[in-house]
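The next block holds one structure in the form of C-alpha cells; read it before the comments.
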Amino acid sequence: MKKMLAAATLALSMSTTGMAFAEPLKIGMITTLSGGGAGLGIDTRDGFMLAIKNAGNKDITVVTEDDAQKPELAVQIADKMIQSDKVDILTGIVWSNLLMAVAPSAVAQGKFYVSTNAAPAALAGANCNKLYFNAAYQNDNLHEAMGEYANKGYKKMFILAPNYPAGKDSLTGFKRYYKGQLAAEVYTQVGQTDYAAEIAQMRASGADGIFVFLPGGMGIAFMKQFAQSGVKIPVMGPGFSFSQDVLPAIGDAAVGAKASGQWAPDFDNAASKKFLADFQKEYNRLPSIYAVQAYDAAQLIVAAASKASVKNADAFGAELKKADIQSPRGKFKFNTNQHPIQDIYLTEVVKQNGVITNKTVEKIFADHGDAYAKDCKI
C-alpha cells in the first residue's frame, strides 16, 4: 500500500472549448511508470493526456498511478480507484498479465475498461464483455503480420517471447500465418536482461531469421547483446520490440530491423501530422505506438462522453463502439468483440538526421481483425 500511496496522481482540469459533456467524468489510469517497463507507461500516459488536453473540458479528471509492473499492486490500485476514488472508467495497463488481474473484476463491478495496449486472447473471444474495449489491437495481430511477412523469404525461423499471456499470444499469432519451419520456439522470463544462452541457441539453430517479441527493457538488453555477439541472422519483430520508447537506448544495433505496426511517424494523413506535431511540442520527443494507442483511447472516451452518460452503460458503450474519432493510424473501427479492425504495416528501423526511428515500407494487412471475434457473443 505504501507504494500505491506514493504513486503519482494526476488531476487535470482544462478550460471548456465547447464540447458538451453529459456530466463530469473521472478516469483512472493504471500504468507502468517505474522499472524496466517505464518507457512504455510514460508514453501511454503522455499520449492519453495529450488527447485529454486537446479536448479541453473542465469536467474531465484523470487520476494516474504507477503499477510498477506488479499484478498485485495493479489490483490494489484498481480497487482503490473504484471504491474510494469513484472513477467511471479504467485504462492504461501495458502488460497483459496485469490486465488479466484487473479488467475482469473492474467490469464485474460495472466499470468500463478501455485498454490502451494489453489485449490478451482470453478477453477477445468467449470471455469478451460489453464493458471492455480495446483501442490498440488484439495481442496476436502484429505478430500475425510478421508471420505473413516472413513467408516472403525465410524458410526456418527462430521465435522467442517472454512467458506471459502477451508472449504466448505473440508466438501463437506468428505461427498462425507463418508457413515455414521453426528452428525453435523459446519462452524467456518476464523482465529478463541476460540473453546469452538464447543467443547461443540462435547461433546453433540453423535459422535464417529470428522473430522476437521483447518490449521495453527486455528488447533493449537483447538487441545490445545480440549486436555484440556477432551472430549475423536477420532479426524482426512486432513494433513493440522496436518502438520509439526503446530505439534511443538500443541505438545503431536496431537499424535495419523489420517490424510490424499500425502507425509510424511518416504516416501522411492530417490526424497523424497533428498528433506528431502536438506530441513533439508538448514532450520534446517522438512518440511511440504506445502513445498513439493511448491517444486514441482518450479520443474514444471523450467522443462517447460528449454524447452519452457513462452511467448509462448501454448508451455509452454504443457511442464508444461508433469509434467517432480521427485516428493518427487512419482507418479505425471496432470489430464485433470491441477490438480494432485496422491496417497493419511493415516498418524498418532507420537513422534519419541522427534520429533512430521507424519508416513505413509496405502494407501487410488491410482491415485486419482477430481470430477470436467469432467466439464473442456480446
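The values are calculated or read from the model by the stated rules, or taken from the named source; none is laboratory data. What you see is a predicted model; the values in this text were computed from it and never measured. Every residue, glycine as well, gets a Cβ built from its backbone with ideal geometry; the counts of neighbours run over all protein chains shown. Accessible surface areas use protein heavy atoms only, side chains included; no ligands, DNA or RNA. Shrake-Rupley method; radii C 1.70, N 1.55, O 1.52, S 1.80 Å.
Name the residue, out of LYS321, LYS333, that is out of contact with any Asp or Glu (no Cβ under 9 Å at 6 or more places or on another chain), under 22 Å from CYS128 (Cβ atoms) and surrounded by fewer than 20 Cβ atoms within 10 Å (Cβ to Cβ). Can you show your working first?
Numbers: LYS333 fails: out of contact with any Asp or Glu (no Cβ under 9 Å at 6 or more places or on another chain).
Just one listed residue meets the conditions, LYS321.
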Single condition GLU185 does not satisfy, out of (1) open to solvent by less than 60 Å² (accessible area, probe 1.4 Å); (2) of a type outside the set (Ser, Thr, Tyr); (3) assigned by TED's automatic domain parsing to the domain that holds ASP367
(1)
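Is the stretch 166-176 home to any residue that is assigned to a loop (DSSP other than H, G, I, E, B) and either farther than 25 Å from THR91 by Cβ or open to solvent by 50 Å² or more (accessible area, probe 1.4 Å) (or both)?
Checked the stretch 166-176: no residue is assigned to a loop (DSSP other than H, G, I, E, B) and either farther than 25 Å from THR91 by Cβ or open to solvent by 50 Å² or more (accessible area, probe 1.4 Å) (or both).
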A careful count of residues in the stretch 336-374 that are among the acidic types (Asp, Glu) and either open to solvent by less than 40 Å² (accessible area, probe 1.4 Å) or outside the structural domain of ARG176 (by TED's automatic domain parsing) (or both) gives 2
Members of the stretch 56-89 found to be surrounded by fewer than 21 Cβ atoms within 10 Å (Cβ to Cβ) and either part of a helix (DSSP H, G or I) or aromatic (Phe, Trp, Tyr) (or both), listed by number:
PRO71, GLU72, LEU73, VAL75, GLN76, ASP79, LYS80, ILE82, GLN83
Of the residues SER327, SER272, SER306, only one is at pLDDT below 95 and assigned by TED's automatic domain parsing to the domain that holds GLY125; which?
SER306
Please give the number of the condition GLU148 fails out of (1) farther than 22 Å from TRP263 by Cβ; (2) surrounded by fewer than 24 Cβ atoms within 10 Å (Cβ to Cβ).
(1)
Taking only pairs six or more apart or across chains, which ones have beta-carbon atoms under 6 Å, a first residue in the stretch 46-65 that is on the phi > 0 side of the Ramachandran plot, and a second residue that is open to solvent by 10 Å² or more (accessible area, probe 1.4 Å) and of a type in the set (Ser, Thr, Tyr)?
GLY56/SER15; GLY56/THR17
